[in-house]
1. Order by neighbour count: 122, 130, 163, fewest other Cβ atoms within 10 Å first, most last.
2. Can you put 49, 128, 158 in order, fewest other beta carbons within 10 Å first?
3. Give me 69, 173 ranked fewest to most by other Cβ atoms within 10 Å of their Cβ, as a rough exposure proxy.
4. Taking all pairs of distinct Cα atoms, average 1/r, flip it, and tell me the Kirkwood hydrodynamic radius of the stretch 222-291 in Å to one decimal place.
5. Considering the convex hull of the alpha carbon atoms of the stretch 36-169, report its projected area averaged over all viewing directions, in nm², one decimal.
């Protein structure tokens, strides 16, 4: 079961956030993850489990996509160098633990690749079958512009990339649903806005004043299939849940963003979207039988 977040996450300011909050403590979050681990063990079968195949992965996948406990979610306010608020997992370790709890540490791995002195990082998360062949793999780039030490720069860019890479496989994905990506490391318009010539207010002592949310949103322009797909998934209507399930299913089948976009654009009513979900389910079952 997922958890309903009825209150806002605890707020982090200037890199600091409370260790716990009344509405979602770390202890409660740990217990929540332990229950997921127990459920996953029941599905896998403790003694009989010898590795994953497509069918077993699809049975476990709903546990990967189960929402994080509120005690593992942090809200960061807008601040200097970051003109937008955001929610996120408390740490990448929260997502790593979910993968371990559901799949065991033996059935998946991640790889990081750094460039630009550690300011950029690509994280790739891969799930393997019992023969060591990749069942599914997802990647994401992330980065930071500055840090107090070289180690903090590497850590920051890894965390930035890892959270989205894991979300693309399930853990923490709900944090990104309904969110426009204002990260300057992946959004050229926002990067330009942050790199602009200082305004008169900034030159005269109001440098910490941030653009209004509407000004930031106005800078975003949909231009690529990935961005168009993300925009389509932001639409809130009676079909939004089914639309997201269909997009995730097509991702498991290896469909490109452009292919996923075309399919979803053609499924604009409930019957056509249900038909698409049916075709996806049939294809995933066929994959399981072939493996």
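1. Listing 122, 130, 163 from fewest to most nearby Cβ atoms yields 130, 122, 163.
2. Sorted ascending by nearby Cβ count, the order is 49, 128, 158.
3. With the sparsest Cβ surroundings first, the list reads 173, 69.
4. 12.4 Å
5. For the stretch 36-169, averaging the hull's shadow over all directions gives 8.9 nm².
Each reported figure results from applying straightforward, stated rules to the coordinates on display, with no laboratory input. From a predicted model like this one, the values you see are computed outputs, not experimental measurements. Here the Cβ is made from the backbone with ideal geometry for all residues, glycine too, and neighbour counts use every protein chain on show.
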